[in-house]
Structure formats: structure tokens, C-alpha cells
Amino acid sequence: MTADPADKRKIILSGNRPTGRLHWGNYTGALENWVRLQDEYRCYFMVADWHVLTTALDKADLIAHHSREMFLDWLGAGLDPEKSVLFIQSQVKEHAELYLLLAMLISKGRLERNPTFKEQIRDLNLGGEISYGHLGYPVLQAADILAYRAHAVPVGEDQLPHLELTREMARRFNRLFGDVFPEPEALVTKFARFPGTDGKRMSKSLGNTIEIAASPEEILEKIRPAYTDPARLRRSDPGHPEVCAVYTWYRKFLPEEAEATAAECRSAGRGCVDCKLKLAAGVTAHFAPLRERREAFAADPGKLDEIIAHGCEQARAVAAGTMEEVHQAMGLG
Ligand code: TRP
Ligand code: SF4
């Protein structure tokens, strides 16, 4: 049980913003790894719903639905509420208090220099419309992590600047008020750019995703027009599997088929249409257990409510304990 003080395993926290169903890229880049970490660490996995508000305030009404969808994807993939604490950020108000206190420990200039922030300003075309909350994104993320005194945070490389900011705030707090927080380390999830259906990095914003809960029909529909070797114009042309998204998916999901696929592609022994049909069938089978588990949870909303409520309660108890120490260290109330 994660909240048991006798449990000496290291603590992990990670989170994901609920913006829709998870796709193959999310799965290989994070979720699959989280499932593995559950036995080795005391794990906290959080639906970062408040974080969505920093960039998608106009879609606030979708967040609650997406949070439930995220829980279903997680449970389907094998995150286990018996092993890990699975919870929703907004249901643990302690994050908001810690966010406020940490905000005193970091300068505005430091947040403005955050490379992720600068990129978002450039890519999202936000112009002058940058909220105070958006600038404070990494402070909220630090609160998420430090509320559970996590030792490690499994994240993709893109999150390293946020981890560095978290460490800075933890150090500053400890220096000023005494040792309360471990300095969390990043556990970088390595995945060579996972390709989407157009061969570019799979990403929701590019519209090139395949969902882990996709039906067999949806999988086929997405794979059929997918990006292959652009130099292979005719069935009789030899192909180059190393540039083909379909081949990368074989290596990931059907590794036992990868070698034969590459050989038959190079010798023009296999056509792309057949290659894709075979992949679609294989991937459908690969994700079938996940889909079945997901559907079973989706069919019992009352049980899902209970699982969510229980996880949030566990998280609250731990975060409240941390806040008590924070109050004491700071000499507050
Ligand atoms: N910023 C993370 C992302 O976009 C999500 C997140 C929020 C998170 N809080 C976190 C990740 C705490 C790790 C730890 O993916
Ligand atoms: Fe890609 Fe398969 Fe076509 Fe080769 S045969 S280019 S691996 S889809």
C-alpha cells in the first residue's frame, strides 16, 4: 500500500494533462513505462487537470470528461489502484496551497526564461495573451511533485526544464526553512521519436495519432493510408523499411515479425497493402487485452467513481501530511 510509512521504496510521481484519449505515442513514451514502475516504486500518477487551464481555458468544460477517459486508458493499460495512487490534481486542494507558497521562492525572470514557456509562446501564437497562471505552470508542477516528496519523476525529455525548476524551488525551501523536500530526479523515458500516421512525431496537435483504445476498424482505417517509404512507387520496387512508419510500429508492437518484414520489404517480396493489413491485425491483437479491460471499467461507472474517489483520498492524506511539515518549517499557523 502506497501510503504505508513502513514502505521504504522510493517515491515516484508523474502526471499527464487530460486532453483526450491516449495514443500510441503516449503509451510508448510514458504509460507503458509507468505500468512497469509500479512494483519497484511507491507510485503516484496524477491527472493534471488544472494544468490544462493554462493553455486551453476555452475547453474547460471538456476537462472532467477527459479526466475520466484518462483514468480508463490508465486502468486498461494496467495501472493498478491496488499498487499505485491514481488521482486527479484538482481534487487535492493542498496542491493549490503549496503552489502559492512555492511561488514566493522563484523569480518572475526565471520563469520567463523557462525554455518550454518560450517555445509555447512561439508555437501557440499566444501573442500578448499570457496568463499569470501559464507563466506559473512549472510552479504548479513543482507543487504536484513536492506534495508527495517524490524522489523521482518519470518524464519525457521535454519536461527536463520543469524538473530543474522544481529542484531549484526544493533547494531554496530547504535552505530557508530546513530539510523538508528531497530534490527529485528525472527518470527520462527514452523513446526514439515515435512516428504518427504521417511519419512525423505522433502528436495530438498534428492529427496523426492512433488511440490505444481504437477499435479494430479504426486501427485499419488509420493504418491503411499511413506513411510508408515514399520512394516505393510500385509494388515491384524494393522498399526501405527504416524510413517507414509502419515498420517502426512492427518493431514496437510485433517485434517477432520485424525481421521478416524488413527482409520482405527490401526484396519487394511484400507489398505495402499486405504489410499494413498484417500489422493492423497484429496490433489489434496486441491491444485487445487493454481494450477489454478498459471496456469493463467503462461499463461500470459507479466502480470507476469509487476508484477515483479512493485514489484522491489517499493522495490528500499524503499531501496534507507534507503541508503540516511545511507549515511547521515555515512557522505558519
Ligand atoms: N507538464 C506535464 C506534461 O505536460 C504534466 C505534469 C503536470 C506533470 N504535473 C506533473 C508531469 C508532475 C510530471 C510531474 O506532460
Ligand atoms: Fe513499409 Fe511494409 Fe511497405 Fe516496407 S512493405 S515500405 S515496411 S509498409
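No value in this document is a laboratory result; all are computed from the given coordinates. Everything numeric here is computed off the predicted structure, so don't read it as measured data. Cβ: placed from backbone, ideal geometry, glycine included. Neighbour counts: every protein chain shown.
The value obtained for the chain, namely the Cα convex hull volume divided by the number of residues, is 144 Å³ per residue. When +1 charges are put on Lys and Arg Cβ atoms and -1 charges on Asp and Glu Cβ atoms, the dipole computed for the chain relative to its Cα centre reaches about 900 debye. Database remark: amide H of Ile88 closer than 5 angstrom to the amide H of Val47, Cys312 (H placed geometrically; neighbours at sequence offset of 5 or more, or on other chains; Pro and chain starts carry no H). Taking amide H positions as modeled 1.01 Å from N, with prolines and chain starts lacking one, the residues under 5 Å from Leu187 and 5 or more places away or on another chain are Val153, Val155. Among residues other than Arg175 whose Cβ falls under 13 Å from its Cβ, what is the net charge (Lys/Arg +1, Asp/Glu -1)? Combined, the nearby Lys, Arg, Asp and Glu give 0.
Would you please give the FRET efficiency between Asp158 and Val243, computed as 1/(1 + (r/R0)^6) with r the Cβ-Cβ distance and R0 = 30 Å, to the nearest 0.05? Computed FRET efficiency for Asp158 and Val243 comes out at 0.80. Restricting the GluC sites (Glu not before Pro) of segment 107-161 to loop positions (DSSP other than H, G, I, E, B) with no more than 16 neighbouring Cβ atoms within 10 Å leaves Glu129. Assign one of three labels to segment 37-104, namely rounded, prolate or oblate, based on the Cα gyration tensor with a ≥ b ≥ c the square roots of its eigenvalues; rounded applies when a/c is under 1.5, prolate when it is not and a/b is larger than b/c, and oblate otherwise. Verdict is oblate for segment 37-104. Need the C-alpha centroid separation for segment 213-244 versus segment 9-65, integer Å. Segment 213-244 and segment 9-65 have Cα centres spaced 30 Å from each other. Model label points for Ala56 and Ala263, set 7 angstrom from Cα along the Cα-to-Cβ axis, are 4.5 nm apart.
Stretching the chain fully between Ser203 and Thr116 yields a gain of 29.7 nm (0.36 nm per residue, less the alpha carbon separation).
Shown here: segment 170-217, whose C-alpha atoms stretch 57, 21, 18 Å along the first, second and third principal axes, sorted largest to smallest. Of all aspartates and glutamates in the structure, those lying under 14 Å Cα to Cα from Lys118, and not within fewer than 8 positions of it along the same chain, are Glu129, Asp158. Per residue, the average separation of C-alpha pairs within less than 8 Å and at least 6 apart gives the chain a relative contact order of 22 percent. For segment 214-293, the convex hull drawn through the C-alpha positions has a volume of 75 cubic angstrom per residue. Take every Cα pair under 8 Å whose residues are at least 6 apart in sequence, average their separation, divide by the length of segment 214-293, and the relative contact order is 34 percent.
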